[in-house]
Each structure stands twice: as C-alpha cells, then as structure tokens.
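Q: A single structure is presented below for examination.
The values are calculated or read from the model by the stated rules, or taken from the named source; none is laboratory data. As the structure is a computational prediction, the values presented were derived from the model and not from experiment. Positions of Cβ are generated from backbone atoms using ideal geometry, with glycine treated the same way; all protein chains shown enter the neighbour counts.
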Amino acid sequence: MKSIVWDISNRLVVPFDADKEHSMKLTAAVLARFHIQYLKENGDLPSINYNLSAPYTMCGNSIYKERGTDITLTPDEQIMYDYLIKSGHFT
C-alpha cells in the first residue's frame, strides 16, 4: 500500500503509480473515516500532525481487506474526495 504523504504546506502528495486516481480514492476513503464529520461541520480539514501516519496506514490496509483494491467511494468518501480536489490538496 502506498503511504499518504504531506508536504510542508499540508497539501497531499499522492505517490505516482500506474493509477494515480486509485491512490487519490484510497486517500479520500482513509481521511473520510477520520475527518468527515469535521469537514461537514467546518468545511475544511482539521490541523493534524501527519507525521503520525500509522493510524492512516492501518486504516488504508483495513479498507483493502474490507473492499479489495478496486475502491468504489461511499457518499461520505466522495464528499471528501471532491473537497480534496476542489481545495487543491492533491498535487
């Protein structure tokens, strides 16, 4: 599984692979599990210490175990995905 990487300005840096769209969907799915309620209430993501990535990695692994590698986003995950695209978090 590819890691979620953040640069100094807290923009997501999705590691390039053969399917960048897949990596972006997995990132949105992981972040939705942790932060969708905050996003819905505040319209933005909270300030987070992304150096502590173990919970995110474990969550990504859990998503793969539950749904396989062909991810179809849930409605909340789609909200997160759309936010990340619109706000310029994906680079």
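Q: Which one of the conditions (1) surrounded by 11 or more Cβ atoms within 10 Å (Cβ to Cβ); (2) at pLDDT 50 or above; (3) out of contact with any helix residue (DSSP H, G or I) (no Cβ under 8 Å at 6 or more places or on another chain) does residue 6 fail to meet, given that it meets all the rest?
A: (2)
Q: Can we say residue 58 is under 11 Å from the mean Cα position of the chain (by Cα) and either surrounded by 10 or more Cβ atoms within 10 Å (Cβ to Cβ) or modelled with pLDDT of 85 or more (or both)?
A: Considered against the rule, which asks whether it is under 11 Å from the mean Cα position of the chain (by Cα) and either surrounded by 10 or more Cβ atoms within 10 Å (Cβ to Cβ) or modelled with pLDDT of 85 or more (or both), residue 58 comes out as no.
Q: Can residue 12 be described as modelled with pLDDT under 80 and surrounded by 16 or more Cβ atoms within 10 Å (Cβ to Cβ)?
A: Yes.
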